[in-house]
Amino acid sequence: MVIFSGIQPTGRKHLGNYIGAILNYVKGQDKADPAIYCIVDLHGTTVQYDPEELRRRTRETAALLIAAGLEPERCILFRQGDVQEHAELCWLLSSVTSVGQLNRMHQFRDKAGAARDRVSAGLLFYPVLMAADVLAYRAHEVPVGEDQREHIELMRDVAEAFNKRFGETLVVPEGNIPTVGARVRDLKEPERKMSTTGGTPQGTVFVDEEPESIVKKFKKAVADSGSEIVVAEDKPGISNMIEILAVARGVTPADIERDFAGSGYGAFKTAVGEEVAAWLAPTRERFLEIKDDTSEIERFLELGAEKARAIAAPVVADVREAMGVGPVR
Ligand code: AQP
């Protein structure tokens, strides 16, 4: 089975990225052949950005993934822009994607807002490039958080439309969305997801954040009305913290409810903060150790790009051939 997933290099990675996606990347190394992960710098150019910062953040995102447990012998980790097949396949797949489909994507609508006519065309094309990322490897499974469900549906539609029009060429992938922690919420505004661009500073916990600061943020988290520590529709803040602690402890939310039955909100929030800080500490420490080792990180990424190209190039050649692009092979 082939696993593929991509992660943006824009901004510091947060607890939502870690629980919703990165933990599953690490686990994927044990079950996939191969597990392929990509830092999507081309996606990072679809919004306003600084070129030097994009380059630095790309390396830092790689360092964070390595610190979290990705190993060069057990996975393929590379930078999207290093493998040109992604951009080419994106263009080829645009022929089986309609403007209407792209205009309906919630992420595009949220990010473009009222400026829809002024945002980059790249933002509209974001899901087509994401489809190309995955389909170029004939991946079967895509580990992502809940917010990517719609993009997974679109890439499935694109693969199906391509196969129908040009003959069986692409694998139709499945999303792998975690049952607990698929949508980690902002600690201050738990009706929203924790987010790089849309979150509150005090409600967003970063993977490389100092432990004392993490504890402080959990202590100040919004805790809903009432006093019971249970998962409930009308308790988005407490439910969120129950899920986070369940993932950190490797137990179920019901176990957490049982363990904290009768505790007050204050004690619960402090316990979650302290446990999450301790849980993230080894990744943070390793990240700080390796993040400035540019040559080592670049070596890891170069090796990954070489392996990725070897898989993607023949797939894109098949797509070109099926579409009548270029000479007959
Ligand atoms: N709050 C979340 N809970 C669970 N999973 C999440 N993911 C993102 N937010 C949550 C998952 O993380 C992976 C990487 O996401 P990305 O490449 O989109 O990176 P990002 O831009 O840093 O993530 P954000 O926060 O989602 O950015 P905004 O909100 O600014 O667009 C994906 O698998 C995603 O599902």
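The values are calculated or read from the model by the stated rules, or taken from the named source; none is laboratory data. Not measured: the values here are computed from a predicted model. Note: ideal-geometry Cβ built from the backbone for every residue, glycine included; neighbour counts use all protein chains shown.
Residues of the stretch 40-55 that are touching an Asp or Glu at 6+ places or on another chain (Cβ under 9 Å) and either in a helix (DSSP H, G or I) or basic (K, R) (or both): H43, L54, R55.
Restricted to the stretch 116-132, and to residues that are out of contact with any His (no Cβ under 7 Å at 6 or more places or on another chain) and within 16 Å of the ligand (Cβ to nearest atom), which residue is nearest to E153 (Cα to Cα)? Walk me through it before giving the result.
Filtering the stretch 116-132 down to residues out of contact with any His (no Cβ under 7 Å at 6 or more places or on another chain) leaves 116-125, 128, 131.
Checking the rest, the ones that are also within 16 Å of the ligand (Cβ to nearest atom) come to 119-120, 122-125, 128, 131.
Details: V119: 23, S120: 23, G122: 19, L123: 18, L124: 16, F125: 15, V128: 12, A131: 10 Å.
For the stretch 116-132, the residue satisfying everything is A131.
Looking across the stretch 133-179 at every residue that is within 13 Å of the ligand (Cβ to nearest atom) and in a loop (DSSP other than H, G, I, E, B), the one that is surrounded by the most Cβ atoms within 10 Å (Cβ to Cβ) is identified as V144.
Could you say whether any residue in the stretch 7-22 is in contact with a helix residue (DSSP H, G or I) (Cβ under 7 Å, 6 or more places away or on another chain), among the hydroxyl-bearing types (S, T, Y), in a loop (DSSP other than H, G, I, E, B) and within 14 Å of the ligand (Cβ to nearest atom)? Yes, the stretch 7-22 has at least one match.
Being closer than 29 Å to A322 by Cβ and within 16 Å of the ligand (Cβ to nearest atom) is the filter here; which residues of the stretch 95-106 pass it?
Residue satisfying the conditions is M105 alone.
Say we look at the stretch 273-310 and pick out the residues that are of a type in the set (K, R) and part of a helix (DSSP H, G or I); which of these is nearest to G237 (Cα to Cα)?
My answer is R284.
Scanning the stretch 1-39 for residues that are basic (K, R) and either modelled with pLDDT of 95 or more or more than 13 Å from the chain's Cα centre (by Cα) (or both) yields K13, K27, K31. Within the stretch 23-39, being part of a loop (DSSP other than H, G, I, E, B) and either touching a Lys or Arg at 6+ places or on another chain (Cβ under 7 Å) or over 20 Å from A182 (Cβ atoms) (or both) holds for D33, P34.
Inspect the stretch 69-87 for any residue being without any contact (Cβ under 8 Å) to a residue 12 or more places away in the chain and in a helix (DSSP H, G or I) and give the result as yes or no.
Narrowing the stretch 69-87 to residues without any contact (Cβ under 8 Å) to a residue 12 or more places away in the chain: 73, 84.
Adding the requirement that they be in a helix (DSSP H, G or I) leaves none.
For the stretch 69-87, residues without any contact (Cβ under 8 Å) to a residue 12 or more places away in the chain and in a helix (DSSP H, G or I): absent.
Checking each residue in the stretch 181-218 for being touching a strand residue (DSSP E or B) at 6+ places or on another chain (Cβ under 9 Å), more than 11 Å from the ligand (Cβ to nearest atom) and over 22 Å from T61 (Cβ atoms) picks out only E191. Among the candidates E71, E88, E53, the residue that is surrounded by fewer than 19 Cβ atoms within 10 Å (Cβ to Cβ) and within 16 Å of the ligand (Cβ to nearest atom) is uniquely E53.
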